[in-house]
Ligand code: FAD
């Protein structure tokens, strides 16, 4: 095999969304020579699509807000399964991260007296989301990019080279995290194996620490709000490197995706529509969410439309409308209405702002939504209701990390931040808590990755055999053969469609034991067929080849989701079991870790029962008493097991 080009860096950040860019800035500011690699164009990461805002308890619109209230809301939203220390750090540090963005040039919408404006969102007690219209992610990425350019200009002045300490490799994909074995079964990171999407050229970025910031997994599901990049690469890269994934059963189905026309099914309708006053109605015109307030939230939500409506003007003396319940609750309610035959013509329900706000306010506050519906569905949302239904949106499960340092378990030098990391959001994420998560834990991951590298006496080595193996794996689709001599290899697009249909139908929003067992059978079959996925043509920009490589990741991650979902016999947050509809206080103590069955990274397992993934149950760490003291005992009783309350 021809020699593969190698470059040496101190830190490699995989992903250039909010988490990756914030990590890279921090690592570079710590003095680490940092490479950022992303499979899309620089500035085009999924984060750009974020609409509603960044949750941070700045208290600009309601001075009652503070980090403790934000922490409480986050734990309630996650149904107390959150890695509580992450939720604490997130709530404490989010306001500073937002302020910091302004010092780097971001310009948020303002209150009449000139402060950063904050809007309401589901599950947040106070208006808390700093925003830029409904294009907040764009401003966030623009600002972080601008900061990166500023750092590169500094380096030019000092070294005569813009990329001396911070370089972006765009449209390049990482297929393996490389490791030096340490003999204790864990090993330590020594770099990444990558290919350039345009030329198909392979290269290796050698580095003692790697930050995974690759986002989510939505492209394993048929109906999703996620962009093409969300093939679970970082989740799979971590598994293959020997790091476990945490609680992969928790997948968020956002209640409001477009349902029509079919070509745009799944595209997100931001929660800001409801935060700003939009209401959900069924085909009978009824605001049905009042029928779906669960016991744990009864005291916090309005019991009548009048009270709910008064809350928008006087939140201190009224309770919020149930349209602003956490996403899992709203998604299940919509699902039930449609199932009961009270859905809209295209299988969703109606979301209406047209009767709630003047047209010019809708156009000013929700400009993207106005254009999205006008252009994609020929619907004028200032004059008629939207049709919406649940769409796969976010994965709460992810790489198991240390709360303070973002270090992945078991593999020295591996870090993870953003959507790819697990723990922070428990069983269900509150809207707006992702953008703040990216900034808080992106910074922490960059900081600790840089420190780790700086503290090493000697850099780990990348051996030639590993590089050759990774190259051979990446080239396999060009020489794939069918099941019998002369038969055509499998088509990666067909396999992808079958995978998406399987996950949508059998491991979707409402789950049943038999269906998930069926899904595992189907995944085993797809796994065997995916090893024969073949492509034609050459390595220069070949999307079929890229998909054939991504399939490995989607299949691994899908198996984690299905296996963990089958194991957890309760309903909690983004995991709803029709056969186990109640939330169990005993299950709150259980984290499910997924790890590779064959630690050498072999992926041949064909037995659906055995599969590629082992599940391990781990008891959650008890919540620190001073944090528990932020809740009323009556509330804790609903979530915690007897012995936890006693402790
Ligand atoms: P991303 O921004 O997705 O970045 C991932 C990066 O990894 C990309 O650069 C990609 O190219 C790269 N990558 C992936 N795989 C590889 C690989 N193998 N090799 C190299 N590079 C790779 N959250 C909020 O808090 N507020 C909101 O208002 C909000 N609105 C949303 C609206 C929409 C439509 C959607 C879909 C999500 C929204 N979210 C929102 C969620 C939020 O946008 C995401 O969770 C968040 O942006 C994820 O950021 P990230 O940095 O983890 O990953």
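Can you say whether residue 214 is within 9 Å of the ligand (Cβ to nearest atom) and either surrounded by fewer than 24 Cβ atoms within 10 Å (Cβ to Cβ) or at pLDDT below 95 (or both), as far as the supplied structure shows? In short, no. Exactly one residue out of 529, 610, 585 is in a helix (DSSP H, G or I), at pLDDT below 95, farther than 22 Å from residue 411 by Cβ and over 25 Å from the mean Cα position of the chain (by Cα), and it is 529. Just so you know, in the range 178-206 the residues that are modelled with pLDDT of 95 or more and at positive phi include one that is surrounded by the fewest Cβ atoms within 10 Å (Cβ to Cβ), and it is 200. The one condition from (1) part of a helix (DSSP H, G or I); (2) in contact (Cβ under 8 Å) with a residue 24 or more places away in the chain; (3) under 30 Å from residue 407 (Cβ atoms) that residue 155 does not meet is (2). Can you say whether residue 32 is outside the structural domain of residue 587 (by the TED database), more than 6 Å from the ligand (Cβ to nearest atom), at negative phi and not in a strand (DSSP E or B), as far as the supplied structure shows? For residue 32, the condition - outside the structural domain of residue 587 (by the TED database), more than 6 Å from the ligand (Cβ to nearest atom), at negative phi and not in a strand (DSSP E or B) - is met.
For the range 200-226, a residue qualifies if it is in a loop (DSSP other than H, G, I, E, B), over 12 Å from the mean Cα position of the chain (by Cα) and within 25 Å of residue 48 (Cβ to Cβ), and the qualifying residues are 221, 222, 223.
Of all the residues in the range 394-439, those that are touching a strand residue (DSSP E or B) at 6+ places or on another chain (Cβ under 7 Å) and more than 14 Å from residue 54 (Cβ to Cβ) number 25. I'd like to know if the range 114-121 contains one or more residues that are assigned to a strand (DSSP E or B), farther than 30 Å from residue 298 by Cα and in contact with a strand residue (DSSP E or B) (Cβ under 6 Å, 6 or more places away or on another chain). Yes, there is a match, as at least one residue in the range 114-121 is assigned to a strand (DSSP E or B), farther than 30 Å from residue 298 by Cα and in contact with a strand residue (DSSP E or B) (Cβ under 6 Å, 6 or more places away or on another chain). Against the list (1) modelled with pLDDT of 95 or more; (2) within 11 Å of the ligand (Cβ to nearest atom), the condition residue 229 fails is (1). Looking only at the range 35-65, residues that are free of Cβ contacts under 8 Å to residues at least 40 places away in the same chain and either crowded, with 20+ Cβ neighbours inside 10 Å or within 15 Å of the ligand (Cβ to nearest atom) (or both) come to 1 in all.
The values are calculated or read from the model by the stated rules, or taken from the named source; none is laboratory data. Given the structure is predicted, the values throughout are model-derived calculations rather than measurements. All Cβ positions, glycine included, derive from the backbone under ideal geometry; neighbour counts span all protein chains shown.
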